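See below for the structure under consideration.
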Amino acid sequence: MKVQQSAEAFSEAKQYIPGGVNSPVRSFGSVGGTPRFIERGQGCRIYDVDGNEYIDYVLSWGPMILGHAHPKVIAAIHEAVDNGTSFGAPTLVETVLAKLVNKAIPSMEMVRMVNSGTEATMSALRLARAYTKRNKIVKFAGCYHGHHDSLLVKAGSGAMTYGVPDSPGVPASIAGNTLTVAFNDKAAMEEVFAKDGGDIAAVIIEAVPGNMGLILPQEGYLQFVREITARYGALLIFDEVMTGFRVALGGCQAVFGIKPDLTCLSKIIGGGLPVGAYGGRREIMEQIAPLGAVYQAGTLSGNPLAMSAGAKTLQLLIETKGLYEKVTAMSLKLATGLQRAAQKQGVIVQAHAIGGMFGIFFNDKAVYDYETAKTSDVGAFNVYFHAMLEQGIYLSPSQFETCFMSYAHGETEIERTLQAAEVAFAKVAEYQAAKAK
Ligand SMILES: *Cc1c(COP(=O)(O)O)cnc(C)c1O
């Protein structure tokens, strides 16, 4: 596969942009090799500047659940842009999107739009602290909620991959208010609440963690987290930035039947444009300025282009019959197919799938938290990743990231991906045999 144009673009970018990228994981730092510079996308395919074509399972890290350049989403953006791009005054489409969010996720009685997932979780924490008049936050090892100071503690994916779970520049005084527990570990959570329960403002959780690879909650675990937060008067914040409109229209809270106090969104809600949102119970949300004293603002928040792309995307997700059934079935088929293909070559992987998310761990033991995820064979993943890429299959470039499925993928793509996987796992088997010697 020719990658000369990407290689040249990367070396030029590196002179002006730190690491040549505007978000670390794009640099292929953990897998090595040349990151592909993408020229365009259509449906489930992307095309790089060398003219290579790929079946895309990154989908901009989740947003493109309808596939790239969906004609109706593009038309909605065109229509909006012709009227001007930003006013810093209210527009009708903001309420349209807020109503669609409320319809899909009824626990979000009121919604405030921001510009990224990071901004959504940062704002939700401030609100939770103000509402409860408490300081401490509980998060889970390996969960990622954006890059602001309070939550850049054992943050998973980028941070985990790069080996800097606590970034320099985060004051210890701030990180000290963030308590970290293992996912799926009830005893650890009981312990933290027994010790600090009176000062815990909120527990923030990826109910289905997707930033240490894809991890699933054990039976009853999320119910336990809901129960213990309520018992101690702490708020439960579901970070559904990745899972919202992706594991199901109503996100994890619909799948597992849990009602969080606050929910954070981003990714799909912007339909491929930069948007974030947080929302929840009315009496909590009413504390935000200008109604209440909790300050939070944004010059471009509720931007009409982003709102239009998001609203059209949500409309299509609501309208399209069988969309989530199809996406869920394809994720499951691919994940189990990958596991079977690996087994055929004597490679053991743990395959996880839910809704439009799937992933495999190169691990012969069950993976259910950050510690178990870390025992995976990263070298084997890297061999697999490059073998797939070389065959035109674009997977997330890290063992500790999730892959995504869109409605634009079909049986043909799944079959092609599984064929490529046979070749890739044969290479992994060679790698693991050589390593064992
Ligand atoms: C991507 C992500 C974020 C951060 O969103 P940005 O828009 O990148 O700031 C936060 N939480 C979760 C669960 C995410 O997957």
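From the list Ala248, Ala277, the one residue that fits, being under 27 Å from Gly43 (Cβ atoms), at pLDDT 95 or above and in contact with a Cys (Cβ under 8 Å, 6 or more places away or on another chain), is Ala277. Here the condition is being touching a Cys at 6+ places or on another chain (Cβ under 8 Å), modelled with pLDDT of 95 or more and buried (at least 16 other Cβ atoms within 10 Å of the Cβ); of Val203, Val241, it holds for Val241 alone.
Figure legend. Inter-residue proximity from segment 115-136: first residues assigned by TED's automatic domain parsing to the domain that holds Asp261 and in a helix (DSSP H, G or I), second residues within 16 Å of the ligand (Cβ to nearest atom) and among the acidic types (Asp, Glu), beta-carbon distance below 9 Å, spacing 6+ or different chains. Indicated pairs: Gly117/Asp239; Ala120/Asp239; Thr121/Asp239; Met122/Asp149; Ala124/Asp239. Considering Leu265, Leu236, Leu216, Leu249, the condition of being assigned by TED's automatic domain parsing to the domain that holds Val111 and touching a Ser or Thr at 6+ places or on another chain (Cβ under 6 Å) is satisfied by Leu236 alone.
Looking only at segment 234-267, residues that are under 17 Å from the mean Cα position of the chain (by Cα), within 15 Å of the ligand (Cβ to nearest atom) and outside any loop (DSSP other than H, G, I, E, B) come to 12 in all. Considering only residues in segment 121-136 that are buried (at least 24 other Cβ atoms within 10 Å of the Cβ) and closer than 14 Å to Asp199 by Cα, the one that is farthest from the ligand (Cβ to nearest atom) turns out to be Ala128. Out of all the residues in segment 66-82, is one or more among the β-branched types (Val, Ile, Thr), closer than 30 Å to Leu235 by Cα and away from the ligand (no atom under 15 Å from the Cβ)? Within segment 66-82, not a single residue is among the β-branched types (Val, Ile, Thr), closer than 30 Å to Leu235 by Cα and away from the ligand (no atom under 15 Å from the Cβ). Quick check, is Thr118 within 16 Å of the ligand (Cβ to nearest atom), at pLDDT 95 or above and over 30 Å from Ala421 (Cβ atoms)? Here the answer is yes, as Thr118 does meet what is asked. Taken together, the residues in segment 351-383 that are among the charged types (D, E, K, R), within 19 Å of Gln432 (Cα to Cα) and in a loop (DSSP other than H, G, I, E, B) amount to 3. Within segment 384-415, being in a helix (DSSP H, G or I), of a type in the set (D, E, K, R) and surrounded by 15 or more Cβ atoms within 10 Å (Cβ to Cβ) holds for Glu390, Glu413. Just one residue in the set Gly158, Gly142, Gly198 is at pLDDT 85 or above, among the small types (Gly, Ala, Ser), crowded, with 17+ Cβ neighbours inside 10 Å and out of contact with any Leu (no Cβ under 9 Å at 6 or more places or on another chain); that residue is Gly142. For segment 178-218, enumerate the residues that are assigned to a strand (DSSP E or B) and either more than 25 Å from Gly356 (Cβ to Cβ) or of a type in the set (Phe, Trp, Tyr) (or both). Correct list: Thr178, Leu179, Thr180, Val181, Ile200, Ala201, Ala202, Val203. Checked against (1) touching an Asp or Glu at 6+ places or on another chain (Cβ under 9 Å); (2) crowded, with 23+ Cβ neighbours inside 10 Å, Gly355 meets all criteria but (1).
Condition test on Glu53, is it more than 27 Å from Pro304 (Cα to Cα) and in contact with a Gly (Cβ under 7 Å, 6 or more places away or on another chain)? So Glu53 fits the description; yes. Scanning segment 338-350 for residues that are touching a residue at least 40 places away in the same chain (Cβ under 8 Å) and crowded, with 17+ Cβ neighbours inside 10 Å gives Leu338, Ala341, Ala342, Gln345, Val347. Contact map, segment 421-432: residues that are farther than 13 Å from Ile393 by Cβ and touching a residue at least 40 places away in the same chain (Cβ under 8 Å) paired with residues that are small (Gly, Ala, Ser) and crowded, with 16+ Cβ neighbours inside 10 Å, Cβ distance under 9 Å, separation 6+ or inter-chain. Pairs shown: Ala426/Ala387; Lys427/Ala387; Val428/Ala342; Val428/Ala380; Val428/Ala387; Ala429/Ala342; Tyr431/Ala380; Gln432/Ala380. Determine if segment 47-59 includes at least one residue that is surrounded by fewer than 21 Cβ atoms within 10 Å (Cβ to Cβ), among the acidic types (Asp, Glu) and away from the ligand (no atom under 16 Å from the Cβ). Looking through segment 47-59, at least one residue is surrounded by fewer than 21 Cβ atoms within 10 Å (Cβ to Cβ), among the acidic types (Asp, Glu) and away from the ligand (no atom under 16 Å from the Cβ). Selection within segment 268-293: residues that are part of a loop (DSSP other than H, G, I, E, B) and within 16 Å of the ligand (Cβ to nearest atom). The member of this set that is surrounded by the fewest Cβ atoms within 10 Å (Cβ to Cβ) is Pro274.
The values are calculated or read from the model by the stated rules, or taken from the named source; none is laboratory data. For clarity, every value in this text was computed on a predicted model and none was experimentally measured. Neighbour counts run over all protein chains shown; Cβ positions are idealised from the backbone, glycine included.
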